[in-house]
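Chemist: Pasting a structure here, questions to come.
The values are calculated or read from the model by the stated rules, or taken from the named source; none is laboratory data. Everything numeric in this text was worked out from a predicted model, so none of it was measured. Heads up, the Cβs are rebuilt from the backbone with ideal geometry, glycines too, and the neighbour counts pull from every protein chain shown. Just the protein is used for accessible areas: all its heavy atoms, side chains included, with ligands, DNA and RNA removed. Shrake-Rupley method; radii C 1.70, N 1.55, O 1.52, S 1.80 Å.
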Amino acid sequence: MKLKRYTDVGLKAATGLLLAIALVLTFTVSDYYIFNRIGEFNFVFVFSQWVKKAGLLLLPLAIFYKKKCCADIAKYVLPPFVILSCCLFGEFFEVTMLTGESNAAEVYAHINEFIPKAANMTLFFISNALYLAICAFLFVRDGWKVNGKSFIWLPFALLACMPLNIFENFFDIDKIPQNSFLRFRNFTLWHFLAILALAGFTVGGYYFLKNKTKEKQHEFLAAAAVVLLIQYHSKDSMVMGDGYNVYHTVFACIPLFICNIGVYVACISVFLKKRFLYAISFFVHAAGAISVFVYFGKDEMSDYGIFCSYSILYFCLTHCLLFALSVLPTALGHYRYRHKDCLIPLAYYFAVIIIASLSSALVSSASMEFTYNGYTLQDGEWLKPNYAFTQINPLPFELPVWKLTVWRYDLNALYIIGLYAAYVAIFYAMNGAYFAFLAIRKKILKPKAEPLVAIRLSPDTETAEGEAAVTEQENEQEKEEKV
């Protein structure tokens, strides 16, 4: 028993440390730089790095959720690829965006590459050692025997953690005209397909999970949350290398965009199952995620590339996952949203807007003095992080200016107030649609209702069929949160 307890503690500690190091390594250019340059690097090494990304999904599920299938895959698949990555890294640690020139791009690259090569190499090999140690611990915990059916999940793990810039091996974005049909723009075929993907992803997820047990539902939601975190943090490396959308500095990785904060809130709500986090996800981030699908902002503000570029694939996948994780706990009956639950989310969003506005102004002000190799950023090159859309109006019309100076940068207070009011209106509109849907559904189902006992035993705990079960579940949630 002591060996089992020590093994479990060791597994959790090692996995937690591995995830922390993996997070730090995303802030290196090389982490994702290799995936759209397979021809410049060893293919086996590149694929090994991809498998290790899948390991960041498999190991937390194997350790923290006791998923035997994930443990089986991890302990037999990960070790050979980890060893290969130790032997075949080649020029991996030499990747840099610094060229020695004196211009704005060099200043940005100097800011981005704050992790030195020695630290990058050290963390890389420590992470590989942790992969091997965790797999060894899994052999101690579970033994050598495996279920052959476990490996059915390996392709899904690889697909879920696919580096989204891998498709850029097949085209050169600089050779595709700006007016090409392939480029992503508002209200084009690609925009319509993105909306369909959001709807299909969420509805498909609901029907896939609705007849599973609550425990199974939670495990799949947790897996989706881990995938979202892995894909979300791929942007860190991309921003510092090839860039994401119109962003090219590490300041774009600060999670002060509404949907970026939503990634953490939605994922933590799934992991911890806390009512107030569910409420924030459902009231704020579900509406925020769906609103950006409806309108991506002025086309001149964005550069998503073509339909299979990293930027648009990243945007669609992360926002689909965010929206699904924000609404599915409610749809599946894990949490029931109530009118009074909007108070904390409203205060939360107000705080986010204030912090995002001040942070945007401070970063812009500081960037006016950013210097490298004798070159200082000029007007037009200063950074505008535009956290939570507080600096740049995405709408196709201008607003009057109420100037609010923060350090060296002037914010438009009227625009920020209007932004908060507009998003609050969107939040309430979506919640109104939710309650209208419930009312219509209740009315449709009422004539076909079974006896009261049968209704209360129904698996659907979201509407009239499961009111008793929902009430009991809410009481249990409140008791757990008090404890």
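Chemist: Report, to one decimal in Å, the Kirkwood hydrodynamic radius for segment 1-81 based on all distinct Cα pairs. Before the final figure, lay out each step's value.
Modeler: Details: mean 1/r = 0.0713 Å⁻¹.
Hydrodynamic radius (Kirkwood, Cα pairs) of segment 1-81 is 14.0 Å.
Chemist: With a point put 7 Å past each Cα toward its Cβ, work out how far E300 is from T122 in nm, to one decimal.
Modeler: Calculated label separation equals 4.8 nm.
Chemist: Which FRET efficiency value, to the nearest 0.05, do you get for F93 and K214 by plugging their Cβ-Cβ distance into 1/(1 + (r/R0)^6) with R0 = 45 Å? Numbers along the way, then the final one.
Modeler: Numbers: r = 46 Å, r/R0 = 1.02.
Computed FRET efficiency for F93 and K214 comes out at 0.45.
Chemist: Of K75/K274; K2/K53; K149/K212; K298/K384, which sit over 23 Å apart, Cα to Cα?
Modeler: Working: K75/K274 33 Å; K2/K53 32 Å; K149/K212 19 Å; K298/K384 16 Å.
As for pairs spanning more than 23 Å Cα to Cα, those are K75/K274; K2/K53.
Chemist: Rounded to two decimals, what is the ratio between the C-alpha radius of gyration of segment 54-198 and 2.2 N^0.38 Å? Could you put the intermediate results ahead of the total?
Modeler: Working: Rg = 20.9 Å, N = 145, 2.2 N^0.38 = 14.6 Å.
My calculation over the Cα atoms of segment 54-198 gives 1.43.
Chemist: Give the accessible surface of segment 337-377 per residue, rounded to a whole number of Å², with probe radius 1.4 Å and ligands, DNA and RNA excluded. Walk me through the numbers before you get to the answer.
Modeler: Values: 1910 Å² over 41 residues.
Result: 47 Å² per residue.
Chemist: Could you sort the peptides 65-71, 96-102 by per-residue average Cβ neighbour count (10 Å cutoff), highest mean leading?
Modeler: Numbers: 65-71: 18.3, 96-102: 12.3.
With the highest mean Cβ count within 10 Å placed first, the list reads 65-71, 96-102.
Chemist: If you don't mind, there's one more thing I want to ask. Considering the dipole of the chain built from charges on the beta carbon (Lys and Arg +1, Asp and Glu -1) around the Cα centre, which of T99, H233, L19 is farthest to its positive end?
Modeler: Toward the positive end, the furthest listed residue is L19.
Chemist: Using only Cα positions of segment 305-407, each an equal point scatterer, no hydration layer, compute I(q)/I(0) via Debye at q = 0.13, 0.16, 0.17 Å⁻¹ and quote the log10 values to two decimals.
Modeler: The computed values of log10 I(q)/I(0) come out as -0.81, -1.05, -1.10.
Chemist: Using mean Cβ contacts within 10 Å as the protection proxy, how do 241-249, 343-351 order, highest first? Kindly include the intermediate steps, with their values, before the conclusion.
Modeler: Details: 241-249: 20.3, 343-351: 15.3.
In decreasing order of mean packing, 241-249, 343-351 become 241-249, 343-351.
Chemist: Still on this structure, I have one more. Let a ≥ b ≥ c be the square roots of the eigenvalues of the Cα gyration tensor of the chain; is it rounded (a/c under 1.5), or, if not, prolate (a/b larger than b/c) or oblate? Intermediate values should be presented prior to the final figure.
Modeler: Working: a/c = 1.80, a/b = 1.10, b/c = 1.64.
Oblate shape, in that a/c is at least 1.5 and b/c is the bigger or equal ratio.
Chemist: Suppose every Lys and Arg Cβ carries +1 and every Asp and Glu Cβ carries -1, with no other charges. What dipole size does segment 165-241 come out with about its Cα centre, to the nearest 20 debye? Don't skip to the answer; put the middle values down first.
Modeler: Working: 8 positive and 6 negative charges, 72 e Å.
For segment 165-241, the charge dipole is close to 340 debye.
Chemist: With point charges of +1 on the Cβ of Lys and Arg and -1 on the Cβ of Asp and Glu, referenced to the Cα centre of segment 362-436, which listed residue (V424, N373, V406) lies farthest in the positive direction of the dipole?
Modeler: The residue sitting farthest along the positive end of the dipole is V424.
Chemist: Turning to a different aspect of this structure: Once the piece of chain linking F171 and F397 is laid out straight, how much longer is it, given 0.36 nm per residue of separation minus the C-alpha distance between them? Don't skip to the answer; put the middle values down first.
Modeler: Details: separation 226, 0.36 × 226 = 81.36 nm, distance 3.52 nm.
Length gained between F171 and F397: 77.8 nm.
Chemist: Just to verify a number: FRET efficiency for F64 and F192, C-beta to C-beta distance, R0 = 51 Å, to 0.05?
Modeler: So, using R0 = 51 Å, E works out to roughly 0.85.
Chemist: Which percent of the accessible area of the chain is formed by carbon and sulfur heavy atoms (probe 1.4 angstrom)? Could you put the intermediate results ahead of the total?
Modeler: On the way: 15830 of 23000 Å².
With neighbouring chains kept in place, the figure for the chain is 69 percent.
Chemist: Using DSSP H assignments, which helices in the chain have an axial alpha-carbon span of 27 Å or above and a mean Kyte-Doolittle hydropathy of 0.5 or higher? It would help to have the intermediate numbers written out before the result.
Modeler: Working: long enough: 2-25 (34 Å, 0.98); 43-64 (32 Å, 1.63); 68-87 (29 Å, 1.24); 117-142 (37 Å, 1.20); 189-209 (30 Å, 1.57); 214-240 (40 Å, 0.14); 310-331 (31 Å, 1.60); 343-367 (36 Å, 1.78); 413-445 (48 Å, 1.32).
What comes out of the filter, once short or polar helices are dropped, is 2-25, 43-64, 68-87, 117-142, 189-209, 310-331, 343-367, 413-445.
Chemist: Moving on. Subtracting the Cα-Cα distance from 0.36 nm times the residue separation, let me have the gained length for A105 to L438 in nm, one decimal.
Modeler: Values: separation 333, 0.36 × 333 = 119.88 nm, distance 5.23 nm.
Extra length available between A105 and L438 comes to 114.6 nm.
Chemist: Same structure, new question: Taking H as built 1.01 Å from N, whose amide H comes closer than 5 Å to the amide H of L411, not counting residues under 5 places away?
Modeler: L404, T405, V406
Chemist: Restricting to DSSP H runs of at least four residues, report the calculated mean residue ellipticity at 222 nm for the chain, -39500 (n - 2.57) per run over all residues, nearest 500 deg cm²/dmol. Before the final figure, lay out the partial values.
Modeler: Values: 17 runs with 291 residues, N = 483.
Helix-only estimate at 222 nm: -20000 deg cm²/dmol.
Chemist: Still on this model: In segment 288-340, what chymotrypsin sites (Phe, Trp or Tyr not before Pro) fall in a loop by DSSP, with at most 15 other Cβ atoms inside 10 Å? Numbers along the way, then the final one.
Modeler: Working: sites: F293, Y295, F296, Y304, F307, Y310, Y314, F315, F323, Y335, Y337; in loops: Y295, F296, Y304, F307, Y335, Y337.
For chymotrypsin sites (Phe, Trp or Tyr not before Pro) across segment 288-340 that sit outside H, G, I, E and B with at most 15 neighbouring Cβ atoms in 10 Å, the list reads Y295.
Chemist: Provide the per residue accessible area, probe 1.4 Å, for segment 197-258, rounded to a whole number of square angstrom. Kindly include the intermediate steps, with their values, before the conclusion.
Modeler: Working: 2320 Å² over 62 residues.
Accessible surface, normalised per residue, equals 37 Å².
Chemist: Related question: According to a simple spin-label model (label point 7 Å from Cα along Cα-to-Cβ), what is the distance in nm between V246 and A421?
Modeler: 2.5 nm
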